[in-house]
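Okay, structure first, notes after.
The values are calculated or read from the model by the stated rules, or taken from the named source; none is laboratory data. Remember, it's a predicted structure, so these values are computed and weren't measured experimentally. Neighbour counts run over all protein chains shown; Cβ positions are idealised from the backbone, glycine included.
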């Protein structure tokens with residue numbers, strides 16, 4: 001299959017999936033009420049949310065530059081920030097494209113091998129995933145009374161679930177040994193298959209990952225790196241929590257509930273659809289409606305999800321487009337990177 005056709009199919013499939021989820025979420029809702037609620041929003045809080053988002057993206061750019069430095073060249077903040085925003089813009093076109101795009105932008109300006117840059121991005125994403133898991137755990141602890149019921153119901157359903165008449169826990173006990181035996185039995189054929197171009201590319205990818213690990217080990221200022229990582233998530237939190245004050249129906253939400261929105265929204269955005277479209281709306285609206293004692297209606301919840309998602313998307317489109325102009329307007333790497 002031609003590469004362009006594969007990309008087109010991936011783009012179409014993810015976009016259709018997102019739009020279908022969006023249609024399901026808004027199906028049967030009072031669109032006139034949603035429009036009226038959106039029109040009455042306090043947009044100064046949305047502006048404050050945008051400022052917090054820019055600060056968070058700035059911290060990400062500074063942290064990424066620190067990871068790149070051990071590869072031989074440290075990009076300037078301006079170049080790193082524009083590359084990060086270019087990557088976010090690319091993700092609106094196709095999920096996960098942004099990682100390759102921003103690495104390509106840096107490689108083009110600094111001549112750093114792209115495999116090494118991809119390794120730093122993988123490490124960066126792994127760190128963010130660990131932090132998201134930690135934040136999720138803290139959020140569950142802080143809101144245990146609210147989440148205890150859903151967690152108990154989910155655990156009971158998983159314990160009772162069966163496939164082909166057998167409990168789910170039986171399958172790992174059977175499949176794992178069977179898989180190890182198959183690997184041992186077909187090891188010679190697998191060794192021959194490893195010469196396939198796909199596995200050659202995979203080896204290059206793994207080398208890049210190891211280079212990324214090297215970047216972590218050779219950080220000159222590890223405490224500053226930690227500070228940037230914390231700053232990213234504080235910025236994300238403020239970006240999310242500022243938005244609750246834009247609507248009367250959500251303005252009473254406390255900081256703990258803001259954490260819930262942050263975590264739920266983060267998982268909505270990582271869904272394999274462009275910019276989390278549909279998935280973000282579904283997750284956030286469902287969460288707001290189920291908050292006990294808040295009485296947030298479905299239309300108000302959808303208004304909140306729609307405005308916050310649109311504001312973040314427009315911000316990425318505008319700043320990302322400006323970043324593209326700067327990136328392709330830079331004549332050379334001079335002034336954008338420092339060597340050591």
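Points worth noting:
- Restricting attention to the stretch 30-39 and to residues that are surrounded by fewer than 16 Cβ atoms within 10 Å (Cβ to Cβ) and touching a residue at least 24 places away in the same chain (Cβ under 8 Å), the residue that is nearest to residue 243 (Cα to Cα) turns out to be 33.
Here is a yes/no grid of residues against (1) in contact with a helix residue (DSSP H, G or I) (Cβ under 9 Å, 6 or more places away or on another chain); (2) at pLDDT below 95; (3) more than 26 Å from residue 42 (Cα to Cα):
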site: 215; (1), (2), (3): yes, yes, yes
site: 220; (1), (2), (3): yes, yes, yes
site: 223; (1), (2), (3): no, yes, yes
site: 226; (1), (2), (3): no, yes, yes
site: 233; (1), (2), (3): yes, no, no
site: 241; (1), (2), (3): yes, no, no
site: 248; (1), (2), (3): yes, yes, no
site: 259; (1), (2), (3): yes, yes, no
site: 265; (1), (2), (3): yes, yes, no
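- In the set (1) in contact with a helix residue (DSSP H, G or I) (Cβ under 9 Å, 6 or more places away or on another chain); (2) surrounded by fewer than 19 Cβ atoms within 10 Å (Cβ to Cβ); (3) more than 19 Å from residue 314 (Cα to Cα), the condition left unmet by residue 111 is number (1).
- Verdict on residue 328 being modelled with pLDDT under 95 and either farther than 19 Å from residue 62 by Cα or surrounded by 20 or more Cβ atoms within 10 Å (Cβ to Cβ) (or both): yes
- Residue identified as modelled with pLDDT of 90 or more, under 19 Å from residue 232 (Cβ atoms) and surrounded by fewer than 17 Cβ atoms within 10 Å (Cβ to Cβ) among 77, 86: 77
- For the stretch 257-281, residues that are in a helix (DSSP H, G or I) and within 27 Å of residue 126 (Cβ to Cβ) total 17.
- Residues of the stretch 42-74 that turn out to be surrounded by fewer than 18 Cβ atoms within 10 Å (Cβ to Cβ) and within 24 Å of residue 221 (Cβ to Cβ), as a count: 3
- In the stretch 245-262, residue nearest to residue 134 (Cα to Cα) [restricted to those that are within 21 Å of the chain's Cα centre (by Cα) and surrounded by 22 or more Cβ atoms within 10 Å (Cβ to Cβ)]: 260
- Complete set of residues in the stretch 23-72 that are part of a loop (DSSP other than H, G, I, E, B) and in contact with a strand residue (DSSP E or B) (Cβ under 9 Å, 6 or more places away or on another chain): 72
- Selection from the stretch 297-321 of residues that are free of Cβ contacts under 8 Å to residues at least 60 places away in the same chain, more than 20 Å from the chain's Cα centre (by Cα) and surrounded by fewer than 20 Cβ atoms within 10 Å (Cβ to Cβ): 297
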